[in-house]
Structure formats: structure tokens, C-alpha cells
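First up is the structure itself, then whatever we jot down about it.
Every number in this text was worked out from the coordinates using simple rules, so none of it is lab data. Note that the structure is a prediction, hence the values are computed from the model and not measured. Virtual Cβ from ideal backbone geometry, glycine too; neighbours counted across all protein chains shown.
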Amino acid sequence: MNIPVEKPRLTSLAHGGGCGCKLAPAVLQDLLSEMPQAGPYAPLLVGTDTADDAAVWDLDGKTSVIATTDFFMPMVDDPATFGRIAAANAISDVYAMGGTPIFALAIVGMPIDKMDPADIRQILAGGASICAEAGIPVAGGHSIDCPEPVYGLAVIGTCPTAQLRRNSAALPGDSLILTKGIGIGIYSAAIKKQALPLEAYQEMVASATLLNRIGADLGKEESVHAMTDVTGFGILGHGLEMARGAGISIRLDGPALPFLGHAEALAEQGFVTGASHRNWKSYGHQVELPSTLPDWRRHLLTDPQTSGGLLIAVESSAASDLAERIRTAGYSRTAIIGKVERGPARIIVEP
């Protein structure tokens, strides 16, 4: 008699999930501190110097090639959904530079002795389906036998060089726009403990699989000075990367920040990722919080996002109209969340 063996939950095979797997910002900064800079490679417009979303190579003064890679362990148990989220997250880096993706390569590491091959095929199919939405093929890739499931993409894109948008070009007086709600990491922590309501799970998947394709259009807007996508370092971490790159201060309007529907309640109940703690330890010294802010609300600000929204620095006179255009394009939680000021690289959060 054959007794069916229950398959392990996909998330149980990994010690972390989504962009919460990223190295802490301080650790990454230390590891990259001795990497050689661009040097004589003049066509390299964007390298490692400003912690931007992708590398950019100027082909001829008119067109640039954008290259990025992103991969992580599962934050959900459904294989196809894991593939879709990972693919959307990887492609986002190209959109965040103002570019358009043209093809992708799959990055696959799977514990072959622990996973059903059918589930691995579903992960790959999920990723391919998001690539199809973006209008690009999965043109190849690489796979290994790995102790924990890992999936992602290397993505190549292009953009007119004049439309390239870096994370380091914000100007004093700019307004800041965020295009998606915050709380993905908190939701993933609840998934680990099987405590996330179905409605919240569906909301998380819808947000994490929504392509940031609006970034390619925003690169055409002269009023848009800088962009980045908000992922594993949270809104504070990626805001600080923008502040450091431009040598400016950022003032966030706490009540204006958009959150996923259950994020605040779950954070108050203690559903927080380890990455949230690591993030704060890495960059908290450059953040000024209201003295009355409770810890659970601070965790919302350091919450690691997976396939999060775009953070956009735009001329203040154009911010309201641009935010409304982004909402109309399908990013319903888009909000104006703060402004750029002269001053040292830091973030001030208003109550």
C-alpha cells in the first residue's frame, strides 16, 4: 500500500523569503567598500557608486543598455505565485531606471531531493508568465541543485540615454511620490505563521505582481528628476540611498504614507521580519523619528518590500497631476509622501 507523503510548504524550505533575504544595508556597504569604481570605463553611466537599481552602459550617446539581476527564496507557498513575484521584482529594476526590458535569463537553484519537479516547473512557468506580461522572453538562464529554493531573473533593458533616471538626482524642493502600499514584509511574516487572512494574501499578491511598467513612461517626464524602487531596505533605506546619492535631506509625511490594508494591525500584533530589525540597525543613526512613535510603527518604515513601488522625486508643481496620472494607470495607492530639502543625507519623519 502506497501512503501519500505530504509535500512540505514551500516557505518551510527556506530560512527567509522575498527581498527580506537581502544582506543588511550596513553589511552590503562594507562588502562593496573596496570594489573598484568605474575607472576608465567612460560608457558605464551607472555602477556601484550610488547603490542604484541597475547597471547602465551608454552605447552611443543616444541609447543605453540596462542590466540587473535579482533573486530570492519563497515568501509564499504556491510555486507559480512565487515565480510571478520574483520575476516582477527583478524586472522592476529596469523600470526604475526609466527603461524598457527586452529579455530575461532565469536564475534557478532548487533542492532537488526535497521538491516535486512539478512544483519547480510551476515556479518557472509563473516567472515566464510575468515576463510575457512585460512583453519579453525568458531567453535562457542557469540552474543548480541548492539547499534552499531560489529563483529570479537577470534582466536586460534599454532606454534613450536622455530618459535615464538615477536614484541620485533628486533636487531640493522636489516632492516625493510612492506608487504602492507598504507592508509586504509584514504580510510575509504572517504567512510564515499561517496567520495572514485570505483577503490580505490576495492583496499582497496583487501588489507584488503588479509590474512597475509606469517607470518607462516616467523617464520621459522632464519634471521627474530621480527614481528608485522600494525593496528589501524599506522606505527608509531606499529613501536614504536617494538622499546619500544626491547629498540632500528627505522629510517624510508619516500620515501620508500608504500601507496595505492589514499592515498596521499586523505590525501592532508583532508580525515583523528579521530584516526589519537589521535594516534599522544599519541606518537608524541617519533617521529622525517622532519621539512618540511606537516601535511597531517604526517597523512599518523599515519593512522589507518585495516588488514594492517606485519612489519618485518630481518638481513640486507637477506632483499632484503626476500622482493622479499614476493612480489612473492602475497604481491605486499612489501618494505624495514627502519632500526633498537641503541638508545632510538623512530622513526626518513627521508625526
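Charge dipole of the chain (Cα centre as origin; +1 on each Lys and Arg Cβ, -1 on each Asp and Glu Cβ, all else neutral): 240 debye, rounded to the nearest 20.
Name the residue farthest towards the positive end of the dipole of the chain from the options Ala226, Pro255, Ile184, assuming +1 on Cβ of Lys and Arg, -1 on Cβ of Asp and Glu, about the Cα centre. The one lying farthest along the dipole's positive direction is Pro255.
Using the Cβ-Cβ distance between His15 and Ser317 with R0 set to 41 Å, the FRET efficiency from 1/(1 + (r/R0)^6) comes to roughly 0.30. Cα gyration tensor of the chain, axes a ≥ b ≥ c as square roots of the eigenvalues: rounded (a/c below 1.5), prolate (a/b > b/c) or oblate? Oblate, since a/c reaches 1.5 and b/c is not below a/b. Pairs to check: Lys7/Lys114; Lys7/Lys193; Lys22/Lys339. Give those whose C-alpha atoms are more than 19 Å from each other in this structure. Check vs 19 Å cut-off fails for Lys22/Lys339.
Of the beta bridges DSSP finds with both residues in segment 175-350, what % are antiparallel, to the nearest 5? List each step's numbers first, then the result.
Details: 17 of 25 bridges.
Given both bridge residues lie in segment 175-350, the antiparallel proportion sits at roughly 70 percent.
Sequentially through segment 274-288, phi angles give Karplus couplings (6.51, -1.76, 1.60; θ = phi - 60°) of x, 4, 4, 5, 5, 4, 4, 4, 6, 10, x, 5, 10, 10, 10 Hz, Gly and Pro residues having no value and appearing as x.
Starting from the Cα-Cα distance between Asp116 and Ala162, subtract it from 0.36 nm times their residue separation and give me the gain in nm to one decimal.
Numbers: separation 46, 0.36 × 46 = 16.56 nm, distance 4.71 nm.
Taking 0.36 nm per residue and subtracting the Cα distance, the gain is 11.9 nm.
Take every pair of alpha-carbon atoms less than 8 Å apart whose residues are at least six positions apart; their mean separation over the length of the chain yields a relative contact order of 24 percent. Looking only at Val205, Val340, Val56, which one moves most when the chain is put into a Gaussian network model with springs between Cα atoms under 10 Å? Result: Val205 has the largest fluctuation of those listed. Sorting the Cα pairs of segment 10-163 by distance into bins of 10 Å, from 0 upward, gives 11, 36, 33, 17, 3 percent per bin.
Which of the three applies to segment 175-350, rounded, prolate or oblate, going by the alpha-carbon gyration tensor with a ≥ b ≥ c and a/c under 1.5 meaning rounded? Oblate, since a/c reaches 1.5 and b/c is not below a/b. Which residue, Gln202, Gln194, Gln305, has the most motion in a Gaussian network model of the chain that connects Cα atoms within less than 10 Å? Taking springs between Cα atoms under 10 Å, the residue moving most is Gln194.
Under 5 Å between amide hydrogens, built in the peptide plane, is the criterion, and for Gly338 it picks out Leu176, Asp253 among residues at least 5 positions away or on other chains. If R0 is 35 Å, the Cβ-Cβ spacing of His285 and Ala256 corresponds to a FRET efficiency of close to 0.90. Considering only beta bridges that DSSP places wholly inside the chain, some 75 percent are antiparallel. Note on the chain: dipole from Cβ charges, positive end direction compared against Asn167, Val150, Thr273; the farthest Cα belongs to Thr273. Show the residues, 5+ positions off or on another chain, whose built amide H is closer than 5 Å to the amide H of Asp53. HN-HN under 5 Å from Asp53: Asn167.
The Arg325 and Thr63 beta-carbon pair, evaluated with R₀ = 25 Å, returns a calculated FRET efficiency of approximately 0.45. Here the 3J(HN,Hα) profile of segment 241-249, calculated from phi with Karplus coefficients 6.51, -1.76 and 1.60 at θ = phi - 60°, is 4, 5, 5, 5, x, 9, x, 9, 9 Hz, Gly and Pro shown as x. Backbone N atoms of segment 258-288 closer than 20 Å to the 7 Å Cα→Cβ label point of Leu198 belong to residues 261-263. Whole-Hz Karplus values for segment 312-320 come out as 10, 9, 9, 3, 4, 5, 9, 5, 4 Hz, taken residue by residue from phi with 6.51 cos²θ - 1.76 cosθ + 1.60 and θ = phi - 60°; glycine and proline positions read x. Taken along the Cα-to-beta-carbon direction at a fixed 7 Å, the label points for Lys7 and Glu222 span 5.4 nm.
Among Gly61, Gly20, Gly98, the largest mean-square fluctuation in a Gaussian network model of the chain, built with springs joining Cα atoms closer than 10 Å, belongs to Gly61. Centroid-to-centroid, using Cα positions, segment 294-351 and segment 92-151 are 29 Å apart.
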